[in-house]
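Scroll down for the structure; my scribbles are underneath it.
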Amino acid sequence: MRAVIQKVTKAQVTVGENIVGEISSGLCILLGVGRHDDAPYADFLVGKIKNLRIFEDQDGKMNLSLLAVGAEALVISQFTLYASWRKGNRPSFTEAAPLPHAEKLYNHFIKRLRDAGVSVATGQFQARMKVSLVNDGPVTFVLES
């Protein structure tokens, strides 16, 4: 699994004209599922993300986690994180998980994050979405399990 994590002051995702998920301060997580990924991969990422010390403490140092500051997460599926550019200029997505498998792990990831005590908003799986956010810092990380 691959995740692009952005610390945000606000973020929202819309489908058509409808807001389907939004958060205030927290993390916007773009989540890609690979064809060989399984639940332990999702569990590993959840463990990392909920404990990443990327929020500032009283001294302005990145020292606090998502859980410590009570921040929210907006999780959006993004199969394009598994694009391959090895041949030519058109991306290949053969390493992305097939839809049923990807959706199952996407939902598993969200459930585990919620079970950890994180307030989670989501995009809409397999929909054409528009994401808007204000990146705080900017602080952006790429994690892979």
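Mind checking which of 76, 29, 19 has the largest fluctuation in a GNM of the chain, springs on alpha carbons under 10 Å?
Evaluated over the chain, the most mobile residue of the options is 19.
Give the accessible surface of segment 69-115 per residue, rounded to a whole number of Å², with probe radius 1.4 Å and ligands, DNA and RNA excluded.
Result: 64 Å² per residue.
Report the residues of segment 33-70 in range of a label on residue 142: point 7 Å along Cα→C-beta, backbone N strictly under 11 Å from it.
Label zone hits: none.
From the phi angles alone, apply the Karplus equation (6.51, -1.76, 1.60; θ = phi - 60°) to segment 72-77 and give each ³J(HN,Hα) in whole Hz, x where the residue is Gly or Pro.
Once rounded to whole Hz, the list reads 9, 9, 10, 9, 10, 5.
Check the straight Cα-Cα distances from residue 104 and name the aspartates and glutamates below 15 Å, setting aside those fewer than 8 residues away within the same chain.
Cross-link targets: 37, 38, 43.
Please list, or write none, the lysines whose alpha carbon is within less than 18 Å of the alpha carbon of residue 48, excluding same-chain residues fewer than 8 places away.
Excluding near neighbours in sequence, the set is 7, 111.
Among 133, 99, 74, whose mean-square fluctuation peaks in a Gaussian network model of the chain (Cα, cutoff 10 Å)?
Most flexible of the set in this elastic network: 99.
Taking loop as defined by DSSP and a crowding limit of 16 other beta carbons within 10 Å, which trypsin sites (Lys or Arg not before Pro) in segment 59-141 fit?
Passing both the DSSP loop test and the Cβ count: 61, 86, 87, 128.
Under a 1.4 angstrom probe, counting protein chains only, how are 53, 90, 2, 35 ranked by accessible area, largest first?
Result, largest first: 90, 53, 35, 2.
Per residue of segment 18-28, in order, report the coupling 6.51 cos²θ - 1.76 cosθ + 1.60 (Karplus, θ = phi - 60°) as ³J(HN,Hα) in whole Hz, putting x for Gly and Pro.
Coupling constants for segment 18-28: 9, 6, 9, x, 7, 9, 8, 4, x, 10, 9 Hz.
Amide H of residue 136: which non-local residues (sequence gap of 5 or more, or other chain) have their own amide H closer than 5 Å, using H built in the peptide plane?
For residue 136, the qualifying residues are 7, 8, 9.
In whole angstrom, note down how far apart the Cα centers of segment 50-80 and segment 96-145 are.
Going from one Cα centre to the other spans 14 Å.
Can you run phi through the Karplus equation (6.51, -1.76, 1.60; θ = phi - 60°) for segment 121-131 and list ³J(HN,Hα) in whole Hz, with x for Gly and Pro?
9, 9, x, 10, 4, 6, 9, 7, 10, 10, 10
Considering amide H positions built from the backbone, and no H for Pro or chain starts, which residues 5 or more places from residue 20, or on another chain, come under 5 Å of its amide H?
13, 14, 15
The values are calculated or read from the model by the stated rules, or taken from the named source; none is laboratory data. Every value quoted in this text rests on a predicted model; they were computed, and no experiment measured them. Don't worry about glycine lacking a Cβ; one is built from the backbone with ideal geometry, like all the others, and counts go over all protein chains shown. Note: areas computed on protein heavy atoms with side chains; ligands, DNA, RNA excluded. Shrake-Rupley method; radii C 1.70, N 1.55, O 1.52, S 1.80 Å.
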